[in-house]
Amino acid sequence: MTRARAFHLFTFLVTAFALVLQLVLVIQGHKVLDESSRPDEATRVLRYCSYLTIWSNALVAWSTATLAFGVDRDSRVWRALRLDAVVICFGGGVVHFFLLRPLLDLDGADLLADKLLHTVVPLLAVIGWLAFGPRGRATRDDVLPFLVVPVAWLGYTLVRGAFVDWYPYPFVDVGEHGYGIVLLNVVGISAFLVALAFGAIAVDRALSSRTAEG
């Protein structure tokens, strides 16, 4: 096994462990954010599946599994989802650090799951992108399909939130802030993610060119 595949396999295993650990804690009734109530188990699991952090970590697990086991097809869909995995996971980690971490008071297994999902996995995803590639695949044309995942998540979040009056993150809480403020928050975060996507592609192309010249 090459070093690249070994690293992607390690990332997959860490990410899968983090996702399962957080799911187990949610089923047991542990808090994810500062929730004032404890809903039933089915609702807790559905809420777990509603966090963009879970979506992005799941994409990291999937994409690194394809790289570790050599089953990627390098299609446009694969490239967009790989970009989603790295950019949204890292961007989510940054947003969590500055906006959400102050809301949390975690310890034990809850703290471990939080650190894995929001710090360790994002760093592994970025290291994998920079150090092990595969390089030279992503292009600017992949940015538009890259947006499908965050837009789909936002649509799901706002529609579901309108019916159940629950939102996974404070900055998309329409009930608390109204659509105007939420829209501004979404535009700002979206611009941040798009900038990260273009940056990731630029770095990838630069590293690919350097490798080719060497």
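Summary table
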quantity: Residue list for the range 1-47, restricted to those being within 21 Å of the chain's Cα centre (by Cα), among the β-branched types (Val, Ile, Thr) and over 19 Å from Leu104 (Cα atoms); calculated: Thr11, Val14, Thr15, Val20, Val45
quantity: The range 20-52, residues that are in a loop (DSSP other than H, G, I, E, B) and in contact with a Gly (Cβ under 8 Å, 6 or more places away or on another chain); calculated: Arg38
quantity: Given (1) exposed (fewer than 15 other Cβ atoms within 10 Å of the Cβ); (2) farther than 13 Å from Ala197 by Cβ; (3) among the polar types (S, T, N, Q), number of the condition Thr157 does not satisfy; calculated: (1)
quantity: Identity of the residue in the range 34-71, free of Cβ contacts under 8 Å to residues at least 60 places away in the same chain and among the acidic types (Asp, Glu), that ends up nearest to Val120 (Cα to Cα); calculated: Glu35
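Values quoted throughout were computed directly from the atomic coordinates according to the rules given, and no laboratory measurement underlies them. Because the structure is a prediction, the values reported are computed rather than measured. With ideal geometry, Cβ positions are generated from the backbone for all residues, glycine too; neighbour counts draw on all protein chains shown.
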